[in-house]
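Report on the structure given below.
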């Protein structure tokens, strides 16, 4: 049995400030230790549940946050950015289960901690078939396309409603609760680690008992991306299949969840180029 763990940062306990989210900030090392500690707890718990291999996908920012020397044996660490399909790359290689740890709510979720969807600097909001889309939802669709059941989501409590709506069979654990965009409340890390171990054990039990499912996929997906600057739409409108709706918004018709994630990543990457142009023109 093989498990895939996609781990983000903003939904983790102990993360309560922008000063923690990137190497250039003063408290980043604290966040790195929290992320590493959480990854190890999840990996060890999965190995105890009988998984023979665990892949930890470091999925925050430049995606090289977790300290590799802290990972237990039989754990593979996937790091580095940019990479195709971002937070779930490699999930098509035959996994029995996937877990999303440290996940946050979609951009536009009231009081959610550091709410965003894929790119906080480029993308304002995303809709998929008229559903406000979070990273959780798009990545869950991607996992279902490759027939990998999502057994556990752990992160900001503001994500719980989204999980209950789209994958009600998935165990959800609130690691924190956003009080505002830049504040959150959470229990001690020791208490949360015990809760996380129990949640992994519960998720594994549901998997073994056949209680987890896949999302029923649609024939097509209308992806609407609202951008933060007109220049991003200016650049994206020449991408084949992209339709410009207004100054800030583009649409794209995707046939599969793989294409959904692909156009979102394309928007984020091209937008990053737009940010470079804006900065250089100042």
Residue selected from the stretch 185-197 under the condition in contact with a helix residue (DSSP H, G or I) (Cβ under 8 Å, 6 or more places away or on another chain) and not in a loop (DSSP other than H, G, I, E, B), by the criterion surrounded by the most Cβ atoms within 10 Å (Cβ to Cβ)
196
Long-range neighbours under 8 Å by Cβ, at least six apart or interchain, first residue without any contact (Cβ under 8 Å) to a residue 40 or more places away in the chain and in the same structural domain as residue 12 (by TED's automatic domain parsing) within the stretch 175-189, second loosely packed, with under 12 Cβ neighbours inside 10 Å and part of a loop (DSSP other than H, G, I, E, B)
none
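Residue by residue, here is whether (1) closer than 20 Å to residue 139 by Cα; (2) exposed (fewer than 13 other Cβ atoms within 10 Å of the Cβ) holds:
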residue	(1), (2)
183	no, yes
203	yes, no
223	yes, no
226	yes, no
274	no, no
279	no, yes
Filter result for the condition that a residue is touching a strand residue (DSSP E or B) at 6+ places or on another chain (Cβ under 8 Å) and assigned to a helix (DSSP H, G or I), over 212, 200:
200
Considering only residues of the stretch 49-73 that are within 13 Å of the chain's Cα centre (by Cα) and either part of a loop (DSSP other than H, G, I, E, B) or not assigned by TED's automatic domain parsing to the domain that holds residue 148 (or both), which is farthest from residue 206 (Cα to Cα)?
61
Yes/no for residue 103 being surrounded by fewer than 24 Cβ atoms within 10 Å (Cβ to Cβ) and under 23 Å from residue 31 (Cα atoms):
no
Is it the case that residue 58 is touching a residue at least 24 places away in the same chain (Cβ under 8 Å) and surrounded by fewer than 22 Cβ atoms within 10 Å (Cβ to Cβ)?
no
Being under 15 Å from the mean Cα position of the chain (by Cα), within 13 Å of residue 88 (Cβ to Cβ) and in the same structural domain as residue 177 (by TED's automatic domain parsing) is true for just one of 133, 140. Which residue is that?
140
Specify the residue that is surrounded by the fewest Cβ atoms within 10 Å (Cβ to Cβ); the eligible residues are those in the stretch 17-48 that are outside any helix (DSSP H, G or I) and touching a helix residue (DSSP H, G or I) at 6+ places or on another chain (Cβ under 7 Å).
26
Taking the stretch 140-177 on its own, how many of its residues are part of a helix (DSSP H, G or I) and under 18 Å from residue 128 (Cβ atoms)?
13
Output for the stretch 108-122, where each listed residue is surrounded by 22 or more Cβ atoms within 10 Å (Cβ to Cβ) and either part of a strand (DSSP E or B) or touching a strand residue (DSSP E or B) at 6+ places or on another chain (Cβ under 6 Å) (or both)
112, 113, 117
Leading residue by the ranking (farthest from residue 21 (Cα to Cα)) among those in the stretch 124-139 that are part of a strand (DSSP E or B) and in contact with a strand residue (DSSP E or B) (Cβ under 6 Å, 6 or more places away or on another chain):
128
Those residues of the stretch 35-51 that are out of contact with any strand residue (DSSP E or B) (no Cβ under 7 Å at 6 or more places or on another chain) and under 19 Å from residue 78 (Cβ atoms) come to a total of 6
Whichever residue in the stretch 1-16 is over 18 Å from residue 174 (Cα atoms) and under 20 Å from the mean Cα position of the chain (by Cα) and, among such residues, is surrounded by the most Cβ atoms within 10 Å (Cβ to Cβ)
3
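The values are calculated or read from the model by the stated rules, or taken from the named source; none is laboratory data. Being a predicted model, the structure only gives us computed values, none of them experimental. Cβ coordinates were reconstructed from backbone atoms using ideal geometry, including for glycine residues, and neighbour counts include every protein chain displayed.
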